[in-house]
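A short worksheet on the structure shown next.
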Amino acid sequence: MSAVPFTPDLDTHPEVTAFFDAPTNTISYVVKDPHSNACAVIDSVMDIDYAAGRITYDGADAIIAHIEQHQLKLEWLIETHVHADHLSAAPYIQGKLGGRLGIGENITIVQETFGKIFNEGTEFQRDGSQFDRLFKDGDSYQIGGLTAHVMHTPGHTPACMTHVIGDAAFVGDTLFMPDGGSARADFPGGDARTLYRSIQRVLSLPRETRLFMCHDYGPNGRDIQWETTVGEEIDHNIHVGHGTDEDTFVKMREARDATLAMPKLIIPSLQVNMRGGRLPPRDESGKTFLKVPVNGL
Ligand SMILES: [Fe+2]
């Protein structure tokens with residue numbers, strides 16, 4: 001894995017609408033073909049009040065309302081990876097608007113790992129069959145007339161994919177804004193050295209490429225932002241900019257990860273997201289439960 005597995009197309013400018021979820025600092029996107037009404041939703045959020053065990057859909061409903069108001073046709077629901085800090089609303093949106101659900105093929109590794117941690121029975125399939133499409137590095141798909149290219153960018157998780165659509169790249173948790181640096185690489189299957197190499201791959205896209213983040217935490221009190229460029233990241237990213245070498249990055253990343261607490265929603269997020277955004281099946285009482293593995297993570 002090295003070079004970008006396609007020819008970048010900077011002359012195509014998809015229309016990108018962002019939706020910020022304040023409780024989880026997640027940014028979801030609607031990506032529209034400028035020449036048709038086709039669109040895709042990237043990394044949607046299902047709301048959870050974990051203390052109350054309550055699921056709601058205000059964030060997803062805002063995305064659905066946007067798509068309906070603009071009379072768009074939803075063709076794809078994309079997960080850049082199995083998120084550990086929020087629950088996906090992809091199946092909820094798919095149920096209302098249709099479209100196909102896609103994720104990286106290494107979802108099977110994530111399902112194997114967390115299927116064990118949550119002691120899921122044999123009814124939990126670990127073959128990615130909860131999704132409509134499993135992307136490989138170099139794959140492409142259409143959003144109307146737009147061609148979306150998929151690059152495998154592991155390190156944060158094994159299934160992380162960057163989706164490059166015209167001059168826009170959706171990097172998931174590979175990179176943060178220049179003053180935010182990079183995402184952690186210490187979840188099961190994560191690896192700082194692998195993440196560095198994936199980031200270099202993203203940074204080998206043309207400098208003008210627009211980069212869209214999955215998260216922003218507004219470091220040092222600045223307002224939330226989610227869009228930058230490859231050039232800005234190369235010049236200013238606090239973890240990988242200024243020509244930072246691999247060993248320096250790995251040392252920094254591993255030292256920093258050792259200080260980070262678990263994301264607040266990791267336990268419900270993984271159980272739902274490894275199922276493609278679906279809650280676990282109802283038990284014999286007809287109710288749905290999430291598990292908490294004691295000392296299991
Ligand atoms: Fe993530």
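Is it fair to say THR244 is out of contact with any Phe, Trp or Tyr (no Cβ under 7 Å at 6 or more places or on another chain) and buried (at least 19 other Cβ atoms within 10 Å of the Cβ)? First the steps, then the outcome.
Numbers: out of contact with any Phe, Trp or Tyr (no Cβ under 7 Å at 6 or more places or on another chain): yes; buried (at least 19 other Cβ atoms within 10 Å of the Cβ): no.
Here the answer is no, as THR244 does not meet what is asked.
Tell me, which residue of region 198-217 that is more than 18 Å from the chain's Cα centre (by Cα) and in contact (Cβ under 8 Å) with a residue 60 or more places away in the chain is nearest to GLU246 (Cα to Cα)?
Across region 198-217, the extreme among qualifying residues is SER204.
Need the failing condition index for SER28 against (1) assigned to a strand (DSSP E or B); (2) farther than 20 Å from ALA169 by Cα, just the number.
If we test SER28 against (1) assigned to a strand (DSSP E or B); (2) farther than 20 Å from ALA169 by Cα, just (2) comes out false.
Taking the condition of a type outside the set (Ser, Thr, Tyr) and under 21 Å from ILE266 (Cβ atoms), does GLY121 pass? Can you show your working first?
Values: of a type outside the set (Ser, Thr, Tyr): yes; under 21 Å from ILE266 (Cβ atoms): no.
Against the criterion (of a type outside the set (Ser, Thr, Tyr) and under 21 Å from ILE266 (Cβ atoms)), GLY121 does not qualify.
Is region 119-128 home to any residue that is in contact with a His (Cβ under 7 Å, 6 or more places away or on another chain) and surrounded by fewer than 19 Cβ atoms within 10 Å (Cβ to Cβ)?
Step one: of region 119-128, the residues in contact with a His (Cβ under 7 Å, 6 or more places away or on another chain) are none.
Among the residues of region 119-128, not one is in contact with a His (Cβ under 7 Å, 6 or more places away or on another chain) and surrounded by fewer than 19 Cβ atoms within 10 Å (Cβ to Cβ), which makes the answer no.
Name, by its number, the condition in (1) surrounded by 15 or more Cβ atoms within 10 Å (Cβ to Cβ); (2) among the acidic types (Asp, Glu); (3) farther than 23 Å from THR248 by Cα that does not hold for GLU208.
(1)
Please specify each residue of region 92-106 satisfying the condition of being under 23 Å from PRO158 (Cβ atoms), surrounded by fewer than 21 Cβ atoms within 10 Å (Cβ to Cβ) and either within 16 Å of the ligand (Cβ to nearest atom) or not acidic (Asp, Glu) (or both).
Within region 92-106, ARG100, LEU101 qualify.
Given the options HIS81, HIS66, name the one that is within 18 Å of GLY172 (Cβ to Cβ) and either assigned to a strand (DSSP E or B) or not hydroxyl-bearing (Ser, Thr, Tyr) (or both).
HIS81
In the set VAL171, VAL150, which member is more than 16 Å from the ligand (Cβ to nearest atom) and either under 14 Å from the mean Cα position of the chain (by Cα) or on the phi > 0 side of the Ramachandran plot (or both)?
On the way: VAL171 fails: more than 16 Å from the ligand (Cβ to nearest atom).
Criteria check complete, one pass: VAL150.
So THR108 passes all but one of these: (1) touching an Asp or Glu at 6+ places or on another chain (Cβ under 7 Å); (2) farther than 22 Å from GLU15 by Cα; (3) in a loop (DSSP other than H, G, I, E, B). Which condition number does it fail?
Result: THR108 passes all but (3).
Confirm whether THR228 is hydroxyl-bearing (Ser, Thr, Tyr), outside any loop (DSSP other than H, G, I, E, B) and exposed (fewer than 15 other Cβ atoms within 10 Å of the Cβ).
Judged against the criteria, THR228 is not a match.
Going by the conditions given, is THR17 over 17 Å from HIS215 (Cβ atoms), of a type in the set (Ser, Thr, Tyr), more than 14 Å from the chain's Cα centre (by Cα) and part of a loop (DSSP other than H, G, I, E, B)?
Working: over 17 Å from HIS215 (Cβ atoms): yes; of a type in the set (Ser, Thr, Tyr): yes; more than 14 Å from the chain's Cα centre (by Cα): yes; part of a loop (DSSP other than H, G, I, E, B): no.
No, not satisfied.
With the structure loaded, tell me whether LYS116 is free of Cβ contacts under 8 Å to residues at least 12 places away in the same chain, out of contact with any Cys (no Cβ under 8 Å at 6 or more places or on another chain) and of a type in the set (Lys, Arg) or whether it fails that test.
yes
Taking region 234-269 only, how many residues are touching a helix residue (DSSP H, G or I) at 6+ places or on another chain (Cβ under 6 Å), closer than 28 Å to VAL16 by Cβ and assigned to a helix (DSSP H, G or I)?
Within region 234-269, residues that are touching a helix residue (DSSP H, G or I) at 6+ places or on another chain (Cβ under 6 Å), closer than 28 Å to VAL16 by Cβ and assigned to a helix (DSSP H, G or I) number 1.
Among the listed residues PRO188, PRO158, which satisfies the condition of being at pLDDT below 95 and under 28 Å from GLY128 (Cα atoms)?
Values: PRO158 fails: at pLDDT below 95.
Testing whether each residue is at pLDDT below 95 and under 28 Å from GLY128 (Cα atoms) leaves just PRO188.
Report whether or not ILE109 is away from the ligand (no atom under 14 Å from the Cβ), more than 25 Å from ALA38 (Cβ to Cβ), among the aliphatic types (A, V, I, L, M) and surrounded by fewer than 18 Cβ atoms within 10 Å (Cβ to Cβ). I'd like the intermediate steps shown before the answer.
On the way: away from the ligand (no atom under 14 Å from the Cβ): yes; more than 25 Å from ALA38 (Cβ to Cβ): yes; among the aliphatic types (A, V, I, L, M): yes; surrounded by fewer than 18 Cβ atoms within 10 Å (Cβ to Cβ): no.
Spelling it out, it is not the case that ILE109 is away from the ligand (no atom under 14 Å from the Cβ), more than 25 Å from ALA38 (Cβ to Cβ), among the aliphatic types (A, V, I, L, M) and surrounded by fewer than 18 Cβ atoms within 10 Å (Cβ to Cβ).
In region 1-58, which residue that is acidic (Asp, Glu) and free of Cβ contacts under 8 Å to residues at least 24 places away in the same chain is surrounded by the most Cβ atoms within 10 Å (Cβ to Cβ)?
Ranking the qualifying residues of region 1-58, first place goes to GLU15.
The values are calculated or read from the model by the stated rules, or taken from the named source; none is laboratory data. The model shown is predicted, which means the values in this text are computed figures rather than measured ones. Note that we place each Cβ from the backbone using ideal geometry, even for glycine, and neighbour counts take in every protein chain shown.
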